1. Sticking with the crude label model, points 7 Å out along Cα→Cβ, report the distance from residue A:78 to residue A:159 in nm, one decimal please.
2. For region A:25-122, rounded, prolate or oblate, judged on the Cα gyration tensor with a ≥ b ≥ c (square roots of eigenvalues), a/c < 1.5 rounded, else prolate if a/b > b/c?
3. State the extension gain, in nm to one decimal, for the chain segment bounded by residue A:119 and residue A:26, taking 0.36 nm per residue of separation less the distance between their alpha-carbons.
4. Calculate for the protein assembly as shown the 222 nm mean residue ellipticity that helices alone would give, adding -39,500 (n - 2.57) per DSSP H run of length 4 or more and normalising by residue count, nearest 500 deg cm²/dmol.
5. How far is it, in nm, from the label point at residue A:197 to the one at residue A:152 when both lie 7 Å from their Cα along the line to the Cβ?
6. Per residue, how big is the convex hull around the C-alpha atoms of chain B? Give it to me in cubic angstrom, could you?
7. What is chain A's relative contact order, in percent, from Cα pairs under 8 angstrom and six or more apart in sequence?
8. Set the Förster radius R0 to 41 Å, insert the Cβ-Cβ distance between residue B:34 and residue A:44 as r into 1/(1 + (r/R0)^6), and round the FRET efficiency to 0.05.
């Protein structure tokens, strides 16, 4: 079995897997978009329901990516897995990107359906807090130069921030909100018509696979960035040693 | 197509999504190219130094 904790083995596996994963993602997007545009209009929302096929997968990913980052943070703090902090760092900008998509598409869906681009209700506000958390984590990684210290600080902030996840999930049950309650993953089964549900699930799978591809690519970049930093320091140290030898030789002559 | 109610909102939502996804892909690909180039330059410089 390949030891994925070894960065070189990870690079070799991603080099082989990425083209196939990217191809599968593109195929799923083609099928998902095709079936979404052929899907019938909703009986209340009409064609505006087409926004659901991008808004819901982005919303699902915005929380899922934070779960991935929470697991990676545990990997950093508890198990000290060599790739855990790279995975956490690589996921933060992607989380911010998909949460941005979720907020903007939700806003563009909200205006025609609710009459407002934005309302300060629990679901929207908690997702906005999640977006700010992602941006804060990206900023934290950039502001601490020592990667080890940055990883520990980001891991702690991620673990503190994960309290927001159940708030996002249950905000529609706990408080009065304009946002509709869960209609796909619920105890009594989905309440969406199958003609709308299948394109939605296909798009959700396409978005998830897209995240997997982008995350693997971003982790690969992180490994290369660390290799580059190590080699640069090594070259600088060798340069210093050479300079010292040269200076010692010069003074002894 | 434009006689569909709220057509502009639907198109705007898909456009924003496409732009955001392309921006994420572009940023990661450009970062990879920059890092690969820098590593190749460093390797070439080290090989040159070793050869001397």
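1. 0.9 nm
2. oblate
3. Values: separation 93, 0.36 × 93 = 33.48 nm, distance 3.47 nm.
Contour length minus Cα-Cα distance gives 30.0 nm.
4. -28000 deg cm²/dmol
5. Using points 7 Å along Cα→Cβ, the separation is 4.9 nm.
6. Working: hull volume 2.5 nm³, N = 52.
Considering the Cα atoms of chain B, their hull volume per residue is 47 Å³.
7. Dividing the mean separation by the residue count of chain A yields 30 percent.
8. Numbers: r = 49 Å, r/R0 = 1.19.
After rounding to 0.05, the efficiency reads 0.25.
Computed from the coordinates by the stated procedures, all read-outs in this text should not be read as laboratory data. Because the structure is predicted, anything quoted here is derived from the model rather than measured. Here the Cβ is made from the backbone with ideal geometry for all residues, glycine too, and neighbour counts use every protein chain on show.
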